[in-house]
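Single-structure report; data block below.
The values are calculated or read from the model by the stated rules, or taken from the named source; none is laboratory data. Bear in mind the structure is a predicted one, so any value in this text is a computation, not a measurement. Backbone-built Cβ (ideal geometry, glycine too); neighbour counts: all protein chains shown.
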Amino acid sequence: MKRAYLIEMTIFRDYFKQLMGVGCFVAVFVSMGMGTIVAAPAILTMMFFMLGTMAAATYDEQNNWGLYRLTLPVGRRDVVLARYGVIVTLGLAGMLLMSGICAVVMAVATVVELPMGISEILAFDPDMVQGMVFAVAFCMALGALIASIETPIYFRFGQNKTTQWIPMVTILLFVGPMLIVNGTGILDSGAIPMETIAQVLGFIETPAGVAACFGIAVVVAAVALGVSAGVSLKLYERREL
């Protein structure tokens with residue numbers, strides 16, 4: 001598995017640099033529009049999880065890497081596990097790199113008086129850090145869920161059908177939960193008291209609540225990717241290339 005992982009990382013090293021540039025470009029303009037850098041690490045985290053998955057599948061199909069890879073001294077099990085290792089590595093790398101950049105920006109803005117009132121916007125603020133951590137947790141879990149659904153489809157059907165499934169996956173993850181909540185009338189029926197919802201939201205706004213949310217997001221991402229890897233192993237073993 002280690003050999004297959006190192007091969008995959010060598011191939012996608014240049015793509016990682018390109019993705020980092022695109023991610024920083026998007027993060028900068030989104031931050032300018034929002035007037036805060038709270039969402040910047042979360043943007044790169046989700047982009048690296050999602051685009052890393054799609055880019056790997058595209059490379060396999062366009063460059064016949066999926067066929068050539070099987071001629072190397074690596075088994076199909078190693079191929080699948082290495083691909084998931086690459087996806088996780090890219091997602092975490094995006095999160096850590098942009099978090100580090102934001103930390104440097106906040107430190108500079110706190111120490112140095114920047115023009116046009118930029119220091120007031122970017123200076124260190126505990127509430128901003130909490131919001132940043134919460135956004136990262138949410139986008140990490142969501143990005144991992146999308147990657148965990150798309151990757152088995154790719155290993156079974158290839159990149160073309162995976163691309164066709166992306167809109168459906170996005171709709172199910174974003175719109176599905178809202179339709180279920182509205183359709184069942186859970187909120188309207190009073191099954192969940194508003195006081196309880198208010199207490200939960202209040203807890204989330206505390207440092208302990210943000211830490212709990214981050215821990216839950218890590219568990220959700222790990223479980224989703226673990227189950228997905230097991231499914232991909234079974235599907236890829238039966239696929240004829």
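Is it the case that residue 38 is assigned to a helix (DSSP H, G or I), out of contact with any strand residue (DSSP E or B) (no Cβ under 8 Å at 6 or more places or on another chain) and at pLDDT 85 or above?
no
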Does segment 110-136 hold any residues that are closer than 15 Å to residue 28 by Cβ and out of contact with any Gly (no Cβ under 9 Å at 6 or more places or on another chain), and which are they?
118, 122
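Taking the options 97, 90, name whichever one is over 29 Å from residue 153 (Cα atoms), in a helix (DSSP H, G or I), of a type in the set (A, V, I, L, M, F, W, C) and under 17 Å from the mean Cα position of the chain (by Cα). Give the steps one after another, and end with the answer.
Values: 90 fails: over 29 Å from residue 153 (Cα atoms).
Just a single option satisfies the conditions, and that option is 97.
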Has segment 73-85 got any residue that is under 30 Å from residue 127 (Cβ atoms) and of a type in the set (Val, Ile, Thr)?
no
Test: residue in segment 90-112 that is of a type in the set (Gly, Ala, Ser), surrounded by fewer than 20 Cβ atoms within 10 Å (Cβ to Cβ), modelled with pLDDT under 90 and within 20 Å of residue 146 (Cβ to Cβ):
yes
Residue 74 in contact (Cβ under 8 Å) with a residue 12 or more places away in the chain, assigned to a helix (DSSP H, G or I) and surrounded by 13 or more Cβ atoms within 10 Å (Cβ to Cβ):
no
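State whether one or more residues within segment 157-167 are aliphatic (A, V, I, L, M) and modelled with pLDDT of 75 or more.
Looking only at segment 157-167, we keep the residues that are aliphatic (A, V, I, L, M), and these are 166.
Filter again for modelled with pLDDT of 75 or more, leaving none.
No, every residue in segment 157-167 fails to be aliphatic (A, V, I, L, M) and modelled with pLDDT of 75 or more.
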